[in-house]
Every structure is written in structure tokens, then in C-alpha cells.
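The structure appears below as C-alpha cells.
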Amino acid sequence: SAVISQKPSRDICQRGTSLTIQCQVDSQVTMMFWYRQQPGQSLTLIATANQGSEATYESGFVIDKFPISRPNLTFSTLTVSNMSPEDSSIYLCSVGSQGYNEQFFGPGTRLTVL
Amino acid sequence: AQSVTQLDSQVPVFEEAPVELRCNYSSSVSVYLFWYVQYPNQGLQLLLKYLSGSTLVKGINGFEAEFNKSQTSFHLRKPSVHISDTAEYFCAVSDVDTNAGKSTFGDGTTLTVKP
């Protein structure tokens, strides 16, 4: 299993600002995933972050809005840029298990944009 | 590509009653199937998973699910629920061949257990 921590756990931000979310894993992992969970909705994959390469974004998500860093095998950041109220969501970091038969999730970052 | 449909958005039940949360999926390839639970203000936790073999899988907290390939379903069941089972439940699928560790999730089912 993997233990994942995220910072901050929650934040309230003003429109037009940016927030960087940190994800720390207690073991080395190849791929990390960033999801968005809008209020009352399911999880939507934003991007896959591989160490040493550019993140791969899903349809509807772009690097300018959600830049991702992956400096090593245990850490990643997701920035939500130029925020609007529509960005109010829970942002979840996830990693795959060895063999990728299971995902482990962080506790999430609850973001409110005013 | 895969898709997941959770047929019930909300399921209210009384304590000690049985419950079934329904999940259908669509995929053109072989899949792995998962059920996750999300308690309030927490991340997702794996309840159980189907990878291969026996179609009846047992998970944590007394939950079980049955994989039905012909009906493309993976319904979650528990014979007697507790107040503490109140949570959001997500069904998920991933592609066996190009799994890469990521899953497609259903919209979730809110299980509310009443005393």
C-alpha cells in the first residue's frame, strides 16, 4: 500500500489567483495522477504525472491552467491557475500500486474560489 | 474507452437491512473492476476489486460484489448495514491491457443508513 499526504487540506482563494497543491507519497512510484471531484460529482482525471517527463493531460484540461511538476518519485505538485468559482472542487492525488491493480488516494484538497 | 454507470444516485436504508449498490460498465476490452468508498472529508479507500478468477469477490467491512460478464455488471452488496457504512461509494473500471494504474469512475452512490 501507499500512504499519501496532501497540502493544503483546504483553502479559500480569490478569483484570479493561483494555488499550488502538494502531494507526498511514502514510497517511490512511477506514475501519479491528479483528479478533480466537483461538488456532488464523480472523479475526473486531470493528468498523469511521470517523473522526468511532461505530464499527460486528459481532454478538457490544459497545462496553462493546471501546470504539474514531478521533480522526483515521491512528490508532485498541481497548480490551479487564474482561478474562477468554477474551479471550486476537491483535488485528489493518486498513485497506482505495483502492477497497477489498485489506486491509492490522498485525502484531497478542498478548494473554494470566491 | 470505458464508461461506468451507477444506477442509483442515492440509497437510503435502515440499519441492519441488506443493501445492493448497482454498477454497470461498458468496455470493448477486458477490464479490472473496483469499488471504492469515500467517507465525509476523506479520500477514497478500496473496498474490493475483481481482477480475474472467482466472480464473487469479498472486501473489507463485510462487503462483497459479483462480476457478471454477460450483463456487464459489478453490483456491491452487504447483508446487514451499519450506521458507519454511510458514505459515498464509487464503482470504477480500468483497462487490463493499458491499465497504467488509472481508472474510470462512476458518478457515485450515496448510501445513507438510518437508525
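The values are calculated or read from the model by the stated rules, or taken from the named source; none is laboratory data. Keep in mind that this is a model prediction, so the values were computed, not measured. Every residue, glycine as well, gets a Cβ built from its backbone with ideal geometry; the counts of neighbours run over all protein chains shown. With ligands, DNA and RNA removed, areas are computed over all heavy atoms of the protein, side chains included. Shrake-Rupley method; radii C 1.70, N 1.55, O 1.52, S 1.80 Å.
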Exercise. Got a sec? Which strands (runs of 3 or more DSSP E) wholly within segment B:32-115 have at least 1 residues that are among the charged types (D, E, K, R) and in contact (Cβ under 8 Å) with a residue 40 or more places away in the chain?
Worked result: B:73-78, B:87-95, B:109-114
Exercise. Scanning segment A:7-36 for residues that are among the aliphatic types (A, V, I, L, M) and closer than 18 Å to A:ALA49 by Cβ, which turns out surrounded by the most Cβ atoms within 10 Å (Cβ to Cβ)?
Worked result: A:MET32
Exercise. Does any residue of segment B:92-103 turn out to be surrounded by 20 or more Cβ atoms within 10 Å (Cβ to Cβ), under 11 Å from the mean Cα position of the chain (by Cα) and within 14 Å of chain A (Cβ to nearest Cβ)?
Worked result: yes
Problem set entry | Hits in segment A:37-55 - residues which are surrounded by 13 or more Cβ atoms within 10 Å (Cβ to Cβ) and within 12 Å of chain B (Cβ to nearest Cβ) | A:GLN37, A:GLN38, A:GLN41, A:SER42, A:LEU43, A:THR44, A:LEU45, A:ILE46, A:ALA47, A:THR48, A:ALA49, A:ASN50
For this session: Only one of these is closer than 22 Å to B:TYR36 by Cα and modelled with pLDDT under 95: A:SER59, A:SER42, A:SER53. Name it.
Result: A:SER42
Seminar exercise, completed: Matching residues in segment B:8-31 (under 17 Å from B:SER94 (Cα atoms), open to solvent by 60 Å² or more (accessible area, probe 1.4 Å) and part of a strand (DSSP E or B)) number 1
